[in-house]
Amino acid sequence: MLVAPLKFRTANDGILFADDAGGYFKAEEDFLHRYVCDELNESDYDFLSNNGHAFDDTNDLSYLGFEHRFASRLYLQADLDYVILVPTLRCNLACGYCQVSRVNEGTPGFDWSAETLSAVIKFLDGLETRNIKVEFQGGEPLLRLDVIRQVIAFCRQKFERCEFVICTNLQDVSDDAWEVLREHDVFTSTSLDATRSIHQAQRTVTPQKTDAFFNNLDRAIEWLGPDKVSALPTIDPRKPPTPKGLIDSFANYGFRSIYLRPVNYQGFARKKFDACANASLWNQYHASFIDEMVEFNWNSDEPVEEYYFTHCLRRVLRSGHNHHADLRNPNIIGHSYLVVDFDGKLYPTDEARMVTRVGQFDLSMGDVFKGLKPDTIDSLNGEALNNFHPDCVHCPYQAFCGVDLVDDISRYGRIDLPKHLTDFCQRHTYIFDKIFSMIYSDDPKIQKSLAIWSGSVRFDQSLAKFHR
């Protein structure tokens, strides 16, 4: 009988095993000894065969099913249907953790010109997709409401289905801007750094600006509705808010999905934060946050989730969950989405434009005037797969994980650093450790949250397979 290669990792109550297709189970150390020494017994073979880890031969249906599961774990690049547009780098705030190289509101020379806008529209007109998502970033994109309106008007007549996201600090919103934000296919994304005092310390600085933001946030929730407004906190791991305080703050505004983000080592944030800081500080905070969410959900009629943790959980439980661009395998960049910067240059990701702006590497892919030149990015994409990476092939989380080469370049100036030394690997190893500790928990509070986050009526305990 053929047995699929198994990767393994020590867990609290046994050893976690997983195959290349993401099938997993736990077993005792005796099974590991038998597996390594090629001494599997009949009971072992029965368990492995019944759970899709072993096959009679490569032509039977079980093996074909395994191959299908393996293939469905891989991300198949789609048409270019998601563009991030940066019509200006000017901003009316000066946040210390800003991940982009924004400029002051009155600084000239950092906006799209009329020629750039025309070239952007021509570029969009050349896309073959029928559906498009356009995200306006900055700077503060509402400073160029005229550009936003022209792009929206063009897309609506060009594409069958459009979704527009305006990433705004909600600091200064004119009547005309509210009119755009209230349109049916326009969504608002903003930042809410936990409590009022933390938000003021990290972003608005003065009580007057803080009042303006929270007044506009209240208005956005009332006028647009909570389903059309999202807010993200940026967390300084050295002095984070209490998990309970952050959850209560977001829940009070009706936000049920919270995407925790540590300070991103990009743009101006490079001046104040260490790229090589130990990820354990963030992981400890994140673990306490998940635990607090479990407590919150136990007694709440309106449960909450941590968006990225839920995304990773669903990647464990089923294949094809690839909608988050930062966690795909292979993580092919520069194809399904692109960034158009303030000067018309094209980048595969927002982080890639920051790597270029700080002078590390030129990761641009041409511009909207002369078109795409993806040679550099295509060379990088040759390494954008974890299936054969020497540091990943023995990891039981390989099938659920991905790669982020741009983050490695930004932090370390190279992509060949041993993976276990990278921030990406350390954070995701913790996340999957946490997920499996919860899957194998018999705590009803944990099982309730797992059911909510996985989209189930109840948690199916058969997901916690154990070979004894």
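The values are calculated or read from the model by the stated rules, or taken from the named source; none is laboratory data. The shown structure was predicted, so the numbers you read here are calculated from the model rather than taken from an experiment. A quick note on method: Cβ atoms are made from the backbone with ideal geometry, for glycine too, and the neighbour counts reach across all protein chains shown.
One residue stands out among those in the range 420-449 that are assigned to a loop (DSSP other than H, G, I, E, B) and crowded, with 19+ Cβ neighbours inside 10 Å: the one that is nearest to the chain's Cα centre (by Cα), which is Thr422. Residue-level check: of (1) within 17 Å of the chain's Cα centre (by Cα); (2) basic (Lys, Arg); (3) at pLDDT below 90, Arg270 misses just (1).
Where residues in the range 194-230 are among the small types (Gly, Ala, Ser) and at pLDDT below 95, which of them is nearest to Ile166 (Cα to Cα)?
Taking the range 194-230 first, the residues among the small types (Gly, Ala, Ser) are 194, 197, 201, 212, 220, 225, 230.
Now narrow it down to the ones that are at pLDDT below 95: 194, 197, 201, 225.
Working: Ala194: 21, Ser197: 25, Ala201: 24, Gly225: 15 Å.
Across the range 194-230, the extreme among qualifying residues is Gly225.
Note on the range 236-250: residues that are assigned to a helix (DSSP H, G or I), under 22 Å from the mean Cα position of the chain (by Cα) and more than 12 Å from Leu192 (Cα to Cα) total 1. Filtered by the rule that a residue be closer than 29 Å to His184 by Cβ and either of a type in the set (Val, Ile, Thr) or out of contact with any strand residue (DSSP E or B) (no Cβ under 6 Å at 6 or more places or on another chain) (or both), the range 200-223 gives Ala212, Phe213, Phe214, Asn215, Asn216, Leu217, Asp218, Arg219, Ile221, Glu222, Trp223. Residue count for the range 179-206, restricted to those that are of a type in the set (D, E, K, R) and crowded, with 18+ Cβ neighbours inside 10 Å: 2.
Quick grid of which residues meet (1) assigned to a loop (DSSP other than H, G, I, E, B); (2) modelled with pLDDT under 90; (3) closer than 21 Å to Thr10 by Cβ:
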residue	(1), (2), (3)
Phe369	yes, no, no
Cys392	yes, no, yes
Phe400	yes, no, yes
Val403	yes, no, no
Arg411	no, yes, no
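Cβ-Cβ contacts under 6 Å between residues 6 or more apart (or on different chains), taken from a first residue in the range 197-209 that is in the same structural domain as Gly245 (by TED's automatic domain parsing) to a second residue that is assigned to a helix (DSSP H, G or I), are listed as Gln200/Thr210; Thr204/Thr210; Thr204/Phe213.
Residue by residue, here is whether (1) touching a Pro at 6+ places or on another chain (Cβ under 9 Å); (2) not acidic (Asp, Glu) holds:
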position	(1), (2)
Glu351	no, no
Met354	no, yes
Gly366	yes, yes
Ala384	yes, yes
His389	no, yes
Cys395	no, yes
Thr422	no, yes
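Please work out if Val355 is touching a strand residue (DSSP E or B) at 6+ places or on another chain (Cβ under 8 Å) and of a type in the set (Val, Ile, Thr). Can you show your working first?
Details: touching a strand residue (DSSP E or B) at 6+ places or on another chain (Cβ under 8 Å): no; of a type in the set (Val, Ile, Thr): yes.
Considered against the rule, which asks whether it is touching a strand residue (DSSP E or B) at 6+ places or on another chain (Cβ under 8 Å) and of a type in the set (Val, Ile, Thr), Val355 comes out as no.
Return the residues of the range 141-179 that are assigned to a helix (DSSP H, G or I), under 27 Å from the mean Cα position of the chain (by Cα), without any contact (Cβ under 8 Å) to a residue 40 or more places away in the chain and over 20 Å from Leu80 (Cβ atoms); say none if nothing qualifies. Residue satisfying the conditions is Leu142 alone.
Across the range 237-251, what is the number of residues that are out of contact with any Phe, Trp or Tyr (no Cβ under 7 Å at 6 or more places or on another chain) and modelled with pLDDT under 90? The total comes to 2.
Inside the range 15-59, residues that are closer than 17 Å to Phe436 by Cα and either of a type in the set (A, V, I, L, M, F, W, C) or surrounded by 19 or more Cβ atoms within 10 Å (Cβ to Cβ) (or both) make up a count of 12. Within the range 60-71, the set of residues being in a helix (DSSP H, G or I) and surrounded by fewer than 15 Cβ atoms within 10 Å (Cβ to Cβ) comprises Leu61, Leu64, Gly65, Glu67, His68, Ala71. Residue count for the range 323-336 under the criterion of being crowded, with 19+ Cβ neighbours inside 10 Å and farther than 17 Å from Phe424 by Cα: the result is 2.
Filtered by the rule that a residue be outside any loop (DSSP other than H, G, I, E, B), in contact (Cβ under 8 Å) with a residue 12 or more places away in the chain and β-branched (Val, Ile, Thr), the range 321-367 gives Val339, Val340, Val355.
The number of residues in the range 368-392 that are under 30 Å from Pro5 (Cα atoms) and either in contact with a strand residue (DSSP E or B) (Cβ under 7 Å, 6 or more places away or on another chain) or touching a residue at least 24 places away in the same chain (Cβ under 8 Å) (or both) comes to 10.
So which residues in the range 340-350 are closer than 16 Å to Asp326 by Cα and buried (at least 24 other Cβ atoms within 10 Å of the Cβ)? Reasoning before the result, please.
Taking the range 340-350 and keeping what is closer than 16 Å to Asp326 by Cα, we get 347-350.
Once the filter is applied, which keeps residues that are closer than 16 Å to Asp326 by Cα and buried (at least 24 other Cβ atoms within 10 Å of the Cβ), the range 340-350 yields Tyr347, Pro348.
Would you check if Lys465 is basic (Lys, Arg), out of contact with any Asp or Glu (no Cβ under 9 Å at 6 or more places or on another chain) and under 22 Å from Tyr259 (Cα atoms)? Give the derivation first.
Numbers: basic (Lys, Arg): yes; out of contact with any Asp or Glu (no Cβ under 9 Å at 6 or more places or on another chain): yes; under 22 Å from Tyr259 (Cα atoms): no.
So Lys465 fails the test.
The residues on offer are Leu346, Leu417, and the sole one that is more than 23 Å from Trp112 (Cα to Cα), more than 20 Å from the chain's Cα centre (by Cα) and hydrophobic (A, V, I, L, M, F, W, C) is Leu417. Scanning the range 293-320 for residues that are more than 16 Å from the chain's Cα centre (by Cα), of a type outside the set (A, V, I, L, M) and either surrounded by 18 or more Cβ atoms within 10 Å (Cβ to Cβ) or in a loop (DSSP other than H, G, I, E, B) (or both) yields Phe296, Asn297, Ser300, Asp301, Glu302, Pro303, Arg318, Ser319.
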